[in-house]
Amino acid sequence: MGSRSPFAVLQDIEQRCRSNSLGLPAGEQVEEDWVGIGFELCGETLIARMSEINEILPPPDTVRIPGVLPWVRGLANVRGSLIPVVDVQALLCGEYIRPSKKNRLLVIDQDDIQAGVLVNEVYGLRRFKPEDRHPRAKASQPGLKDLLDGGFDDNRQQWSVFSVRRLVGNEQFLRVT
């Protein structure tokens with residue numbers, strides 16, 4: 001090495017690395033898996049895109065709000081924010097969710113609308129290949145049909161995709177009085 005500066009040595013190493021390196025692989029585009037949260041609502045097995053669900057909690061205590069429709073369970077304090085807790089099953093399918101240890105609250109925040117959606121049970125994270133998505137959703141409940149966006153099949157069951165964006169755009173959901 002002799003009198004070469006450390007900078008010159010580093011430049012030499014960089015040059016040798018560049019000349020001996022292999023090029024990058026051909027630009028294959030890899031599609032990421034579709035990831036969602038599985039849950040049960042209106043007797044249906046549904047899945048919502050994970051990016052549409054902010055948090056999953058046990059149902060918190062609520063305070064009733066006078067003058068709202070009965071499917072709005074009330075306001076809850078979730079991490080310092082007051083959010084409405086809604087029984088979407090009662091709204092869409094006409095049957096209130098029965099209290100159970102399996103009940104969960106899906107906290108959503110879409111298009112400046114923050115709410116807690118009460119569901120019967122959460123089945124956890126589900127991962128599917130995008131190519132396995134099919135355009136038809138299975139729904140026996142008429143109230144759900146407009147909120148579904150295709151579905152996925154795994155080895156055990158069919159998962160209909162529940163669109164939180166469609167829910168918050170639904171006029172019935174927005175009209176609480």
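The table below gives the values:
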| read-out | value |
| --- | --- |
| Tabulated pairs, the range 157-177, first touching a residue at least 60 places away in the same chain (Cβ under 8 Å) and charged (D, E, K, R), second surrounded by 14 or more Cβ atoms within 10 Å (Cβ to Cβ) and not in a loop (DSSP other than H, G, I, E, B), C-beta under 9 angstrom, 6+ apart or interchain | 165/49; 165/52; 165/110; 165/149 |
| Residue match in the range 64-82 (condition: part of a strand (DSSP E or B), touching a Gly at 6+ places or on another chain (Cβ under 8 Å), under 29 Å from residue 157 (Cβ atoms) and in contact (Cβ under 8 Å) with a residue 40 or more places away in the chain) | no |
| Answer residue from the range 96-147, given it is without any contact (Cβ under 8 Å) to a residue 60 or more places away in the chain and of a type in the set (Lys, Arg) and is farthest from residue 60 (Cα to Cα) among those | 136 |
| Strands (runs of 3 or more DSSP E) (entirely within the range 118-177) containing at least 1 residues that are more than 18 Å from residue 52 (Cα to Cα) | 148-153, 158-162 |
| Unique residue being on the phi < 0 side of the Ramachandran plot and touching a Pro at 6+ places or on another chain (Cβ under 9 Å) when the list is 109, 153, 87, 146 | 87 |
| Any hit, the range 88-97, residues being over 16 Å from residue 54 (Cβ atoms), assigned to a strand (DSSP E or B) and among the acidic types (Asp, Glu) | no |
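No lab work stands behind these numbers, since they all come straight from the coordinates. Fair warning: this is a prediction, and the values are worked out from it, not measured in the lab. Don't worry about glycine lacking a Cβ; one is built from the backbone with ideal geometry, like all the others, and counts go over all protein chains shown.
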